[in-house]
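Q: I'd like to ask some things about the structure below.
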Amino acid sequence: GFQNRADYKAVSTGVQYQEDDPQFFQFYELWSYTTHAWNFDNDLISRGYNAGGYFQFQNLWSFNVNSNANFDTISDRITRGGPTYDMPGSVNYNFNINSNRSKELSGGTGQFHRTDRVGEFDHYYWFDISYRPTTFIQITLAPEVGIQRDVDQYVTTRERSIAAQDANLTYGNRYIFSDIKMTDISAQIRLNWTFNTKMSLQTYLRPYIATGKYSNLKEFNNPGGFGFDIYGEDKGTITENANGSQTVDPDGAGGEDTFDIAPLDFNVKSLQGNAVFRWEYRPGSTLFLVWQQQRDGFSRDGEFAFNRDVKGLFNPTPTNVFLVKLSYWFGN
């Protein structure tokens, strides 16, 4: 199996009810779950409560909704080996509506929303549409847009050059965080064409754009709790340099050494595509022809501009890969 972290013990409870013969639906399900987890120092690192339901209508349309409440917990990972951190509680919910997938034209839409008590949020919107003009051709389009704001984006750890009264609480280090606003947009585009029982073509295209704008560079000031000092406002000074980096004097005239933070804003563009042709030239023996293309771009412009960024997907030099796979079945 795969274990994504150690130092972890958890208890989960759940109850689920399914009604197979309701009045207005084919069936529906309702559920509720809880999860509590601790590390081996007995810090409560997860405390969540969930409720939701799935409903399938007589016309094979469906709807599901899911809600979660996560109360304040202790994060033992966010400072990357430093002191623990009081993770603010949050609430989130998501829902999906889907039409009858057996129809020639079908689709669905959904949303996810999260907010917490310190002003963070996530908002995601998506839909998909699938068209089957014949039994052997299917075209699918599935875009997604997300907007996110965090106030506790970890940036780096810097060693203190002068011992301070609270240095033991932070292991002699400064833990640097920032606000960040992120926007990402992506889509999955597919065309599947089955020519006959022995020959088919599958194509896939995925554009992806993500931007991140950092602000309010700050220092974690409350080991075991929640709190930050913003450089240039609550403590020290901060200077913007011509190359986009920032120079921080963490205590002003207090004698601490200054340090530089490299440019943080980003604009990432990626365009992935592939086409797979399959031919079973004799029973059990198959020829595959594959073409893959990848385009990757990166800049330090953290602002999202739809028209500019979509056009910029095609600017990076592509990497093309061609593959041939031939299999032959020895036997009857």
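Q: Please go through the residue pairs LYS103/LYS198; LYS181/LYS311; LYS213/LYS235; LYS181/LYS235; LYS9/LYS235 and name each one whose alpha carbons sit more than 28 Å apart in this structure.
A: Details: LYS103/LYS198 25 Å; LYS181/LYS311 22 Å; LYS213/LYS235 22 Å; LYS181/LYS235 23 Å; LYS9/LYS235 39 Å.
Over 28 Å apart, Cα to Cα: LYS9/LYS235.
Q: First check a/c for the stretch 209-284, with a ≥ b ≥ c the square roots of the eigenvalues of its C-alpha gyration tensor; if it is under 1.5, answer rounded, and if not, answer prolate when a/b is larger than b/c or oblate otherwise. Don't jump to the answer; show the numbers that get you there.
A: Details: a/c = 4.86, a/b = 2.95, b/c = 1.64.
Prolate is the answer for the stretch 209-284, as a/c is 1.5 or above and a/b outweighs b/c.
Q: Determine, at each q value in 0.08, 0.09, 0.11, 0.15 (inverse angstroms), the log₁₀ of I(q)/I(0) that the Debye formula gives when each Cα of the chain is one equal point scatterer.
A: For the chain, the Cα-only Debye profile gives -0.61, -0.75, -1.02, -1.31.
Q: Using Cα pairs closer than 8 Å and at least 6 residues apart in sequence, work out the relative contact order for the stretch 1-153, in percent. Let's see the in-between values first.
A: Numbers: 352 pairs, mean separation 19.5, N = 153.
That works out to 13 percent.
Q: Quick one: compute a quarter of the convex hull surface over the Cα atoms of the stretch 37-175 and quote it in nm². Please list the in-between numbers first.
A: Working: hull surface 50.0 nm².
Across all orientations, the stretch 37-175 yields a mean hull projection of 12.5 nm².
Q: With springs only between Cα atoms under 10 Å, which of MET87, MET199, MET182 fluctuates most in a Gaussian network model of the chain?
A: Among MET87, MET199, MET182, the largest mean-square fluctuation in the Gaussian network model of the chain belongs to MET199.
Q: Specify the residue with the greatest mean-square fluctuation among PRO318, PRO22, PRO88, computed from a Gaussian network of the chain linking alpha-carbon atoms under 10 Å apart.
A: So, out of PRO318, PRO22, PRO88, the one fluctuating most is PRO22.
Q: Beyond 16 Å, what percent of the Cα pairs of the stretch 140-224 remain? Each step should come with its number before you reach the end.
A: Numbers: 2481 of 3570 pairs.
So the pairs more than 16 Å apart make up 69 percent of the total in the stretch 140-224.
Q: Let me check against my output: what whole-number percent is the relative contact order of the chain, with C-alpha pairs under 8 Å and at least 6 apart?
A: Details: 822 pairs, mean separation 30.3, N = 332.
After rounding, I find 9 percent.
Q: A follow-up question, please. Build a GNM of the chain with springs between Cα atoms under 10 Å: which of GLY212, GLY53, GLY81 gets the top mean-square fluctuation?
A: The residue that fluctuates most here is GLY81.
Q: Could you work out the relative contact order of the stretch 81-146, using alpha carbon pairs under 8 angstrom and six or more residues apart, expressed as a whole percent? Don't jump to the answer; show the numbers that get you there.
A: Details: 118 pairs, mean separation 16.6, N = 66.
Contact order relative to length: 25 percent.
Q: Rounded to the nearest 500, what is the chain's calculated 222 nm mean residue ellipticity when only DSSP H runs of at least 4 contribute -39500 (n - 2.57) each, over all residues?
A: Values: 1 runs with 7 residues, N = 332.
Rounded to the nearest 500, it is -500 deg cm²/dmol.
Q: Could I ask something else about it? Do any chymotrypsin sites (Phe, Trp or Tyr not before Pro) in the stretch 1-92 lie in a DSSP loop with no more than 11 other beta carbon atoms within 10 Å, and if so, which?
A: Values: sites: PHE2, TYR8, TYR17, PHE24, PHE25, PHE27, TYR28, TRP31, TYR33, TRP38, PHE40, TYR49, TYR54, PHE55, PHE57, TRP61, PHE63, PHE71, TYR85; in loops: PHE2, TYR8, PHE24, PHE40, TRP61, PHE71.
Answer by residue number: PHE2, PHE24, PHE40.
Q: Moving on. Where the accessible area of the stretch 161-315 is counted over protein heavy atoms with a 1.4 Å probe, how much of it, in %, is carbon and sulfur?
A: Values: 4370 of 8260 Å².
That share works out to 53 percent.
Q: Would you mind pulling out the separation of the Cα centroids of the stretch 1-75 and the stretch 268-322, in Å?
A: 36 Å
The values are calculated or read from the model by the stated rules, or taken from the named source; none is laboratory data. The structure displayed is predicted, hence computed values, not measured ones. Positions of Cβ are generated from backbone atoms using ideal geometry, with glycine treated the same way; all protein chains shown enter the neighbour counts. For the accessible areas, the whole protein counts, side chains as well, though only heavy atoms, and no ligand, DNA or RNA atoms are used. Shrake-Rupley method; radii C 1.70, N 1.55, O 1.52, S 1.80 Å.
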